[in-house]
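Okay, so here's the structure we're looking at.
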Amino acid sequence: MISLQEFRSSLEDVLTYTRDNLASIRTGRASPALVENISVTTYGGQATLKVIELATITTSGPQEILVSPFDQSTLQDIEKAIRDSSLGFSVSVSGTQIRAKTPPLSQEQREKYVKLVTQFAEEGRETLRHERDEIRKKVKTTFEAKELSEDEKRRAETDIDKVAKEYTDKIDEMKGRKEQEVMTV
């Protein structure tokens, strides 16, 4: 039988993935999400871990991110990884913390990031449509196998479309909020 609950669960995963992608896009404000997924080669080249696995990440004001490593021996490795990232942070070490200041965005950069927001949102919508098409195929197969009546098939398709529309609207809402964040000076 077709499970709307499983369908909702897979769409929830798509929503989470899209939200994570959008969070990684830089706005004019500092956010821990900007640095948490930067890969760091540490422990003498023995391990490659993400910053979030090596340190506590907080913000200090609208333009500064503070990174406090759990193990002080990784401090220089984390600093180097953040400095070498394509985000353009000005990085400094003060005591046991790394301070990463976000440079202000130019209008051109803002427009580039808005295009990236649109791209990530479209990827999310495409994945959502793919999930919807897959479950509709299951409904059709079940109907052709005479396990569903015509009315049950129509009702299932209507429910599937309703749920898909609900999640598409959520992606569009996230996209709108992120675009506004990026364009706010």
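No lab work stands behind these numbers, since they all come straight from the coordinates. Fair warning: this is a prediction, and the values are worked out from it, not measured in the lab. For neighbour counting, all protein chains shown are included, and Cβ atoms are generated from backbone atoms with ideal geometry for every residue, glycine included.
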Which of these, 60, 94, 39, has the largest mean-square fluctuation under a Gaussian network model of the chain (Cα springs below 10 Å)? 94
Of the candidates 35, 14, 163, which one comes out as most mobile in a Gaussian network treatment of the chain with C-alpha springs shorter than 10 Å? 163
Mean ellipticity per residue at 222 nm, deg cm²/dmol - from DSSP H runs of n ≥ 4 across the chain, formula -39500 (n - 2.57): -20000 deg cm²/dmol
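If you average the sequence gap of Cα pairs under 8 Å that are 6 or more apart and divide by the length of the chain, what percent do you get for the contact order?
On the way: 233 pairs, mean separation 47.6, N = 185.
Computed value for the chain: 26 percent relative contact order.
Please work out whether the stretch 15-79 counts as rounded, prolate or oblate from its C-alpha gyration tensor, where a ≥ b ≥ c are the square roots of the eigenvalues and a/c under 1.5 means rounded, while otherwise a/b larger than b/c means prolate and anything else oblate?
In terms of gyration-tensor shape, oblate.
Tell me the Kirkwood hydrodynamic radius of the chain in angstroms, computed as one over the mean inverse distance between distinct C-alpha pairs. Write out the running numbers ahead of the final one.
Details: mean 1/r = 0.0524 Å⁻¹.
Evaluated over the chain, this radius sits at 19.1 Å.
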List, in the order given, every pair from 115/178; 50/175; 80/101; 50/80 whose Cα-Cα distance in the structure shown is over 20 Å. 50/175
Max mean-square fluctuation residue, GNM over the chain, Cα-Cα springs under 10 Å, options 111, 147, 64: 147
Can you list the lysines whose alpha carbon sits under 29 Å from that of residue 153, skipping same-chain ones fewer than 8 residues off? 137, 138, 140, 162, 165, 170
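Charges only on Cβ, +1 for Lys and Arg, -1 for Asp and Glu: so what's the dipole of the stretch 75-134 about the Cα centre, in debye to the nearest 20?
Result for the stretch 75-134 is approximately 400 debye, rounded to the nearest 20.
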With Cβ to Cβ distances under 12 Å as the rule, what net charge do the other residues near residue 26 carry (K, R +1; D, E -1)? +3
Could you work out the relative contact order of the stretch 32-101, using alpha carbon pairs under 8 angstrom and six or more residues apart, expressed as a whole percent? 28 percent
